[in-house]
Every structure is written in structure tokens, then in C-alpha cells.
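The values are calculated or read from the model by the stated rules, or taken from the named source; none is laboratory data. What you see is a predicted model, and the numbers here were worked out from it, not measured in a lab. No Cβ is skipped: glycine too gets one built from the backbone with ideal geometry, and neighbour counts run over all protein chains shown. Keep in mind that these areas ignore ligands, DNA and RNA; they rest on the heavy atoms of the full protein, side chains included. Shrake-Rupley method; radii C 1.70, N 1.55, O 1.52, S 1.80 Å.
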Amino acid sequence: MGFSNQSRLCPENQPNQIKFQGKAVTHQVFFALVSIVKTGIGFGFLSLATVTCEWESNFMNFDRRNSPLNSTLRSGLAAALVFLLFYPGNLSLEASQAPGSSTETHMETPGAAQAAAEKPAPEGFALVEQKIDAVFGKFNETLGGIFFYPVPLTAQQFQKGEGIPLAVLWLVIGATYFTFRMNFINLRAFKHSIKLVMGKYDNPEDEGEVTHFQALTAALSATVGLGNIAGVAIAIATGGPGAMFWMMLAGLLGMTSKFAECTLAQIYRRISPDGRVMGGPMCYLSVGLKELFPANAFMIGLGKALAVLFAILCIGGSLAGGNAFQVKQSLGAVAETIPFLNDYSWVYGLIMAFFVGIVIIGGIRSIARTTEKIVPLMCGIYILACLAIIVLNIQKIPESFQSIIDGAFAPDAMYGGIIGVLILGFKRAAFSNEAGVGSAAIAHSAAKTKFPVREGIVASLGPFVDTIVICTMTALVMIITGAYNDPQYADLIKSNNGAALTSEAMDSQIPGFQYVLSVSVILFAYSTMISWSYYGERCWAFLFGDSRTISLAYRILFLIFVVLGSIVSATNVLDFGDLMILGMAFPNILGVLLLSNRVKKELDDYWKRYKSGEFDK
């Protein structure tokens, strides 16, 4: 999915404006919905607190009787959920916690004071929404302060308190290490990956639920999103053309992160008797570390704790960042073309819920059949539009690439010199392709193959398509049209409205492009939602038992959040989901680093057999 705008994740940039659209939702329904999000956090801490003493040696049997949370713990958590779900008292806040209720005195102009007096105070649903948003705002500020802690790379940055965000540095360190450890498999196996996706080595008899191509499109549908349009435009506008160079380099390194995590997902996946697959970081973190350190109780407990932490973060990211936020952002873009939706946003939510529902109810096989058609279509529409602009301005290509090289290494680059523009490029790529986050490993674990490395090689194409192809298309359009430094778009850049900036840049070359962009935005959001529903559902089943009833319950919950995303403007609640997704990288990268020797062993064996021609016989 990517993040639509990296600046919106930073604690200091969290907006506090609340605007409720649509009044058809009752207080009781809203209390239930928001309690689910809040209760999920409680689940996390309770699970982590009990993990080392509650889990038995049958930890990784994925059925209802032997799920990671034993029957006693599950019963307790279920009781807590029911209590918190229907007890509205847990949502009350002191008046001093609500935005705007600070005791600090502010000087106001008479006009501002009169406007504030005339503005009606929120009440009922809007008041509850505002208070909940305030709680999540404080939580986001704390969590964002950790994830985005600036790690200085130069003495100058240390003195100014600047640096690369901790989460981005963590992802880059992992990607760089994996690339060297695997001897640049991202480049060596590129040709082989194309053949795999084309189905040359497919065997319908292999265990799994989807083909290589379907697994790749399912993963791509979750990463290729609004961030490829909006986030990249702002990165070029604030960092200059040089940011594109570092974005592409980060995409190349990220290919190996995807390879490593998706190979592990195949190694440690579990297949139930009915053919459903349970795989992803939550599996290789728990079983893999136990296998690596069989006599070390601490490492075994750490693996289980990291697995639960990842699952909880993924569920939070699925419901908010991969769902409600996508609805809200796509609604904002589409409403520019269809003004009717400004007053009846719930209509958009119901339509999206219907079309999402008819796909996700069928599970990964239904999702894969949909994404294998949508992803090529949405990528094709966007890439063709970008290529048309590039062809129309083909005489500017040499100049554009020269500005990219100059901007990447110029000591006086727009964004604080070489280090500054490098940070911006790496940050945008990390947010866009999600390499190292671990989400794609869940989709790729379902692929039909008996060689884990084979699916890892297929997965490595994800960052290539997402960052090196699609993000590069957006960047080239911004550079060729000159929109990134055009004074008439200064307000859009200042407000970080990347989608509108891209739309204006393309519309200046192709009249009526706003309609094409609206279609692309809807497809991007829709595809992201259906894939993230699977990620969240698998993690939900990992925690509470892998049964069809448990999975169906989560899918229904997911659809409720689709509608909720269209009518609620509690931005801190929605931004919470993006932080959850970013947080997934911490347990995932740590686990992949510890298990990298296993990946290397599997790779060496597979590559030797591949080079000998064994697979072509």
C-alpha cells in the first residue's frame, strides 16, 4: 500500500481537526467499533505478558484446540473483549484531555474569538469521536517519537538534533545486510524471477493455494497504492530530483529483504488438512528461533513474543492503515470528481464494503483471482499515462536524468545536502514497498511450490515493480513537467497534498487526466484493502485459532471498518494504523537477521541445482 505521505506519520504533523460526515450510525455501533481498536492494544500487552508462561510445546499446531493462545487465555480475552465492547464507560475522558481544552491562555483576535464562539461545540457522536481521537493522538505522539527518533549520521546532524528516522534506518540496515549476505541475489536471479512469474516452473500438484503470479499480484496490490502517487510527488518536491536516485537504490536493496522474508515464510509455513496455509513472520519468528536455539529458553520465549507482537501490529495495521485510511484517502480524491460524495460519504463506504466483501469472503484464492486481474490493469493505466507524458516531452529526458544525478550528489541539494536527500529517498522507498515489514511474506507463503527459495525469488520482484517502476514513473513526470518547483503549486507542496500535485502535473499535459487518476485511486485503494484483509485475518487466526468461523468473524469486522472509514474523520485513529504497519518491521527484521543463515543455506542449494540445469530437465 505504501504510505500516502510520510509527513503525516510524524508526531508533530498530526492534525486534530474532526469532521463527522453522515449521521446514520448510532452511538452503540460506534462504541462497539472503536472499542475493538482499543481492545486490540490491550490484547497485545496481555498476550505478551502471558506468552512465556502459557504456551506449551505444541505451540505451532494451527487448529482451534492448539492455537498459540490456549483455551483458558482465549476465554479470558474473549470475556475482556465483550466487557470492553459493550461498556461505554471505558471511552470517557476528562475534559482536560480533549483537544482545545488546555488551560493555557492564548491571545485571539476579536474575529477569531467570534468565530470560535459561533462554532457549535461537538456533541453526541462527534464528541465521542473527538475524545477517542485525542487518546490516539497522544499514543501516536509517543509511538511516533520512538519510530521516528532521528539517528544522526553526521556531526552536523547531531548538533541540530536531526538524522534518519530509526524505523527507516532499521529497514535500510536489514536490506543492505541481506543484499551482501545473499551475494546480490536480487540481481543474479532477476531473469529467473521473470521465468517463474510467467509460469515456466509451475506445478499444479505442489502444495499451496495460489500460483507464483497470483501470490506476487496479491502482495503488490497491498503495496502499490496512494503512496506511489502522493508520497513520491512530495518527496521530489521537497528533496529535489536527486531523491529519485536514492529511491531506486533503496528499491534494489529492498528486493533482497523481500526475498529473505518470503523464503522463510515458505520454509516455516503450515498447511491444514483442508489445504489452507498459515504462514508469515508470526510463524518463522516462533518456530524458526526455537529451531535455531533449541536449548535456549530465552530465545524460544523471545521468538514467541515477537510472533505475537507482529500479529497484533498487523491486525491494527490491517483494520486502520490497510482499510479505513484507504477508504478515507480515496474518498477525498474521488469526491473532487464526484461532489455528491462530499455530503453522502457513507454511500461510498457501502459500495466499497460490498465490492470488498464479495472478494474477501472467499479467502486468499478469491483474493488472488481478483488481484491477478486488477494489479496489471491499474499499473498499466498509470504507467501508460506516465509514458505518454514522457514521450510528449522526450527532448527533456537527458536533462531530467542529469538533474537526478546532480541532485543526488550535490553538496547543496535542496534537502540538506547529500545526506539529507539520501535520507528522503530511502524513507520514501521504505514507506512505499514495505520491504522488511513482513506483510508480503503472508501472501507469498500461500504459493504453490516445493522450493521455498523459488517463491523468495518471485517476491523480490515486488519492490522492483513498486519502487523502481511505478514510483520512478511518478518521479519522472514531476521532473519533466517541472511541477516539483513550479511556484503555482507551492500551496499543494506546503500542505503535502501529493495526489493533487500529481494530478495537476499530469492534467497540464493530458487534459481530463483527473478522471483517469480517480479510477486509478479507486483501484489502488480497493486492491490494497482486499490484500490487507488477508494479512489481518491470518494474524487473527494465528492468535485465536485457525478455523473458518474465526476467519469469517474477522472478515465481517473488516467490512465494518470499511464503512467506518468513510464516515469518521478521526485522523489520529486512522494514522494509528500506519504506525502499526511501520512497527511490524522491528520484530520482523530482527527475526530475519537471526535466521539469515538458514536462508543462505537454502539459497546455495537451490542455486547450485538451478545452474546445473536440474530444473530444466
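Laid out as a table, the results:
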| item | result |
| --- | --- |
| ³J(HN,Hα), Karplus 6.51/-1.76/1.60, whole Hz, each residue of the range 595-610, x for Gly, Pro | 9, 4, 5, 5, 5, 4, 4, 5, 5, 4, 5, 5, 5, 5, 5, 5 |
| For the range 504-509, Karplus couplings with θ = phi - 60° (6.51, -1.76, 1.60), whole Hz, Gly/Pro x | 5, 4, 6, 5, 5, 9 |
| Residues of type lysines that LYS611 reaches as a straight line, Cα spacing below 30 Å, ignoring anything fewer than 8 places off in the same chain | LYS191, LYS195, LYS200, LYS258, LYS448, LYS450, LYS600, LYS601 |
| List ARG369, ARG548, ARG269, ordered by accessible area with a 1.4 Å probe, largest first | ARG548, ARG369, ARG269 |
| Relative frequency of Cα-Cα separations exceeding 20 Å in the range 490-617, percent | 70 percent |
| Accessible surface of ASP274 - all protein chains present, 1.4 Å probe, nearest 10 Å² | 70 Å² |
| Unit charges at the beta carbon, dipole of the range 485-617: most positive-side option, ALA525, PHE542, PRO487 | PHE542 |
| Karplus-derived HN-Hα couplings along the range 522-539 (A = 6.51, B = -1.76, C = 1.60, θ = phi - 60°), whole Hz, x at Gly and Pro | 4, 5, 4, 5, 4, 5, 4, 5, 5, 6, 5, 5, 5, 4, x, 5, 5, 5 |
| Stretchable slack from PHE401 to LYS200, in nm (0.36 nm times residue separation minus alpha-carbon distance) | 68.8 nm |
| Cα gyration tensor, the range 139-188 - rounded (a/c under 1.5), prolate or oblate | oblate |
| Computed lengthening from LYS160 to ARG270, 0.36 nm per intervening residue step minus Cα-Cα distance | 34.7 nm |
| Over the range 160-290, relative contact order from alpha-carbon pairs under 8 Å, at least 6 apart, % | 29 percent |
| Semi-axis lengths (Å, descending) of the ellipsoid that matches the C-alpha gyration tensor of the range 253-384 | 37, 18, 16 |
| For ILE164, distant residues with modelled amide H under 5 Å away | VAL151, LEU153 |
